[in-house]
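What follows draws every value from the coordinates through simple rules; no lab data is involved. A quick note: this is a predicted structure, and the numbers were derived from the prediction, not measured. Virtual Cβ from ideal backbone geometry, glycine too; neighbours counted across all protein chains shown.
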Amino acid sequence: MAGGVAYSVAGGVAVGVAYGVAGGVAVGVMVGVGMGVVMGVGMGVVMGVAVGSVFLRLENWLLGLPFNLRYLKNGSFLLPRITLIPLPYLDSRLKNWLLQDWENGIHNVNQLLAYTMQFIPVIKAVNKALEIKPEEQIIWSVSQLANNPFDWQLIEYISDLKQPSTKKPHRAAAAGFWYLHEKQPTKATKAFEVVRSLLYGEEMYILTKTLAEFNEIKGLDSIANLPIPTFPTSDLLRPVTWQTLDRFVKVIEDVKIINRSVSRASRSWALNRALGELTIILNTADTLPKAEQGLIINIAKNWQQRLLQITGEVGKISITERVRSPYVTGDPVMGKLFVGREDIIRRLEEIWLRSLQLQSVVIYGHRRMGKTSILRNAANSLDNQVKVAYVNLLKLGDVTQGVGEVLMAISDEISQVVNISPPNDDDLLKLPYRTFNRYFEEVIKNLSCGLIIALDEFEKIENLIKAGKISPDFMDLLRSLVQADDQVAFAFAGLHTLDEMTADYFHPFFGSVTNIHVPFLSRGATGQILANPAIEDFLLDYTPEAIDKIYDLTHGQPYLVQLIGYHLVRLYNFVFEQGRNRDPVFTVEDVEAVVNEPDFFTGGRNYFHGVWSQAGENGNTQQVILSHLAKSPQGLSLNDLVELTGIDESNLQTALDTLTRHDVIAENQGRWRIIVELFRRWVEKSHPLNLES
């Protein structure tokens, strides 16, 4: 009987809440008493009154009512803290707050939910306000409600969870955010599909659809098979979430590498990158909107677990035969193996593809820096818009028959790219300039694209002129060819800029060309060449410390980087052929071992001798300086060098400036030192001070 009265009173009050306070109380009392009579008057009434007093606190509501009615419209009123009965005018007042200032209104909503039991007026007010909102504000308004609600049931109760409809778009949008919070992205996608036409509707549809796909992942193959989506980029409602999704896309790209690559190093790097991205996502999850935060954390943890399961597998790849070396120490580096010079290739593309007319360039830099590789690879990046006739002037050898031999070499290479037969050799030897000019005019007449004549190792021309093998007026010919047509330009590659060349006949020419300096490789590019060579079956790897050590030894000098890599692979293959086991990961100790072998410096003699010889072209002042600097890895000051070398300060400074321009030495905090540590070691060993004259 007591239970009957309690349920009756509770049911009566519930009906009263739905149909109005006064009527609700009356009905509640009538129903409660009526049912109490039927089921037992005495105990029923007692329990009914007791339950009503405890849960509804009618006296609290009635005592507060006069004050609420009096002050409600002025915005200052007393709120019963523990009654479920809706206060008069509260929903109307709250609706007005929301319409006047949505964000402050949301604050008031959360305060009411936190400190009162007025849940029903709050829901009514929010629904009424959203029904009045313009369509372009609906999704933004609901998203603000869902940013950090005191009670997520507010979002649930303003939603249409059964069948979202365009008739009440705010209820469809609310359903989308509710399902996101409940980690049900597929249902969220269906809800946002209803409001795709509204502002931010398409964005939220793509976002939830993407999260739904990411949430369905069962294994690495599922991740690798995900298509790379295209995300919106401007006027975003969820910019932080999109940044996080971009990180997931990077993980997808790395998982594709893990799945398809046979290179242990490539797979290892991709795995580490992917795990790193997922760690960042998890560490920054508190910056995500609350609606999707939990779902994204679950997705990241799921993907992370899938990747962690294969860490052992990636490390267990076995090597059953000699490793093919990807490192190139002699010929130009071509194709996918050519990395680290993308900026220079882009510069050449701008000069030769995007300018109104072709411009001539000088590509200069330290010895064996990859200038030839740049010229050869640039030809492949220009498509068919510009053709490059590459001429290696070192192939001329000892010119004995004058400038005709030089023009023969140039004509032969031009003919290869324009398909016009070169002049007769005898004609070039007898009348070199006239014969070549006629050929060049024919080439221009038949050109359907631009033509770059690339003269590599251009110092050869200066040497031939100095030796009297060709006439200085050869430079006049080149200058006239550059000026002959906008479709033709020259690329000179060598150790110097043209204005550094000593003879006057070079000077009128260099003002019309663009100088492009080829610097040392960056630390990052050095690591890319070593650890990620573009061959699929390279199974060896490097510790980060080993890569740093190689950079410290070479300063990113590309020839020496390749030379160390070559010797490391040779070291591994030597151990492999002896049947001994060793870790396929190179360490600092391995690097030191190969550079301390005598044949390492023997193999690099062309580089080391070349730099040393260049320093001795105009006397031995520069070489004396280098021998002193080689004894002092920490560097020497100008005063130290004056004292040690006995060279007067003016001549010493001139020599230092030249060595600096040639990327041999550098000054830091007043101390001069040799840039490339391996060259310093070679000078110290090969040209000690006690042997200098």
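Taking every pair of alpha-carbon atoms in the range 197-306, give the share separated by more than 19 Å as a whole percent.
Values: 2623 of 5995 pairs.
Looking at the range 197-306, the distances longer than 19 Å represent 44 percent of pairs.
When the Kirkwood hydrodynamic radius is evaluated over all pairs of different C-alpha atoms of the range 364-461, what value in angstrom, to one decimal, is obtained?
This gives a value of 14.4 Å.
Taking the highest mean first, how do the peptides 429-442, 639-652, 180-193, 669-682 order by number of other beta carbon atoms within 10 angstrom per residue? Let's see the in-between values first.
On the way: 429-442: 17.1, 639-652: 13.9, 180-193: 21.5, 669-682: 18.9.
Most protected by this proxy first, the peptides run 180-193, 669-682, 429-442, 639-652.
Taking θ = phi - 60°, what integer Hz values does the Karplus form 6.51 cos²θ - 1.76 cosθ + 1.60 yield along the range 601-611, in sequence order, with x for Gly and Pro?
6, 5, x, x, 4, 4, 5, 5, 5, x, 5
With N denoting the number of residues in the range 523-596, provide Rg(C-alpha) divided by 2.2 N^0.38 Å, to two decimal places. Before the final figure, lay out each step's value.
Details: Rg = 11.7 Å, N = 74, 2.2 N^0.38 = 11.3 Å.
Normalised by 2.2 N^0.38 Å, the Cα Rg of the range 523-596 equals 1.04.
For the range 383-402, list residues with backbone N below 20 Å from a point placed 7 Å from the Cα of D331 toward its Cβ?
Counting backbone N atoms under 20 Å from the label point, the list is 388-396.
Give, in nm to one decimal, the length gained when the segment between A666 and A593 is fully stretched (0.36 nm per residue of separation minus the Cα-Cα distance).
Extra length from A666 to A593 when fully extended: 23.5 nm.
At 4 °C and 1.567 mPa s, grab the translational diffusion coefficient of the range 125-284 from Stokes-Einstein with a Kirkwood Rh over Cα pairs, rounded to a whole number in µm² per second.
This corresponds to a translational diffusion coefficient of 76 µm²/s.
Assuming 0.36 nm per residue, please report the length gained on full extension of the stretch D101 to I444 beyond their Cα-Cα distance.
That pair, D101 and I444, stretches by 116.2 nm at full extension.
Could you order peptides 304-312, 622-630 by the average number of other Cβ atoms within 10 Å of their residues, highest first?
Highest to lowest by the protection proxy: 622-630, 304-312.
Report the semi-axes of the equivalent ellipsoid for the range 166-244 in whole Å, largest first, where each axis is √(5λ) for an eigenvalue λ of the Cα gyration tensor.
Each semi-axis is the square root of five times an eigenvalue, giving 23, 15, 10 Å.
I'm checking a number: the convex hull volume of the Cα atoms of the range 175-218, normalised per residue, in Å³. What is it?
Normalising the Cα hull of the range 175-218 by residue number yields 51 Å³.
Would you work out if the range 341-517 is rounded, prolate or oblate? Take a ≥ b ≥ c from the square roots of the eigenvalues of the alpha-carbon gyration tensor; rounded if a/c is under 1.5, else prolate when a/b is larger than b/c, oblate otherwise.
It is oblate, given that a/c is not under 1.5 and a/b is not larger than b/c.
List, in the order given, every pair from K133/K190; K95/K290; K371/K466; K124/K167; K162/K187 whose Cα-Cα distance in the structure shown is over 20 Å. Present the calculation step by step, with values, prior to reporting the outcome.
On the way: K133/K190 22 Å; K95/K290 24 Å; K371/K466 24 Å; K124/K167 18 Å; K162/K187 10 Å.
In this structure, K133/K190; K95/K290; K371/K466 lie more than 20 Å apart at Cα.
For N515, enumerate residues with amide H under 5 Å from its amide H, sequence gap 5+ or separate chain, H modeled in the peptide plane.
Result for N515 returns V362.
Starting from the 7 Å offset along Cα-to-Cβ, what nm value, one decimal, do you get for the label separation of I297 and S421?
Rounded to a tenth, the inter-label distance reads 8.0 nm.
Neighbour counts of other C-beta atoms within 10 Å: give me E459, E342 arranged from fewest to most.
Arranged by neighbour count, lowest to highest, E459, E342 become E342, E459.
Would you please give the FRET efficiency between R354 and Y89, computed as 1/(1 + (r/R0)^6) with r the Cβ-Cβ distance and R0 = 60 Å, to the nearest 0.05?
The value I calculate is 0.30.
Percent relative contact order of the range 604-686, based on C-alpha pairs within less than 8 angstrom and at least six residues apart?
After rounding, I find 34 percent.
Output the direction-averaged projected area (hull surface divided by four) of the convex hull of the alpha-carbon atoms of the range 604-686, in nm².
Details: hull surface 19.5 nm².
That works out to 4.9 nm², a quarter of the Cα hull's surface.
What FRET efficiency do you get for A224 and E136 if R0 is 56 Å and r is their Cβ-Cβ distance, rounded to the nearest 0.05?
Calculated value: 0.90.
Report the net charge of residues surrounding V142, where surrounding means a beta-carbon distance below 11 angstrom and charges are Lys +1, Arg +1, Asp -1, Glu -1. Before the final figure, lay out each step's value.
Numbers: positive: K133, R171; negative: none.
Every neighbour counted, the sum reads +2.
Pop out the ³J(HN,Hα) list for the range 453-467 in order, Karplus 6.51 cos²θ - 1.76 cosθ + 1.60 with θ = phi - 60°, rounded to Hz; leave Gly and Pro as x.
Per residue, the Karplus-derived 3J(HN,Hα) values read 9, 9, 9, 8, 6, 5, 4, 4, 5, 4, 5, 5, 5, 4, 7 Hz.
Which of the aspartates and glutamates could a cross-linker bridge to K183, judged by Cα under 16 Å and excluding same-chain residues fewer than eight apart?
Output for K183: E156, E213, E216, E292.
Could you name the aspartates and glutamates in cross-link range of K685, using Cα to Cα under 18 Å and dropping any fewer than eight places away on the same chain?
Correct list for K685: E592, E597, D599, E677.
For a Förster distance of 30 Å, can you work out the FRET efficiency between the beta-carbons of Q305 and N380, rounded to the nearest 0.05?
For Q305 and N380, the calculated efficiency is 0.10.
Provide the gained length on full extension for the span D398 to D412, in nm with one decimal, where the gain is 0.36 nm per separating residue minus the Cα-Cα distance.
Residue separation times 0.36 nm, minus the Cα-Cα distance, leaves 3.2 nm.
Percent relative contact order of the range 523-596, based on C-alpha pairs within less than 8 angstrom and at least six residues apart?
It rounds to 40 percent for the range 523-596.
How big is the gap, in Å, between the Cα center of the range 397-456 and the Cα center of the range 463-494?
Cα centres, the range 397-456 to the range 463-494: 12 Å.
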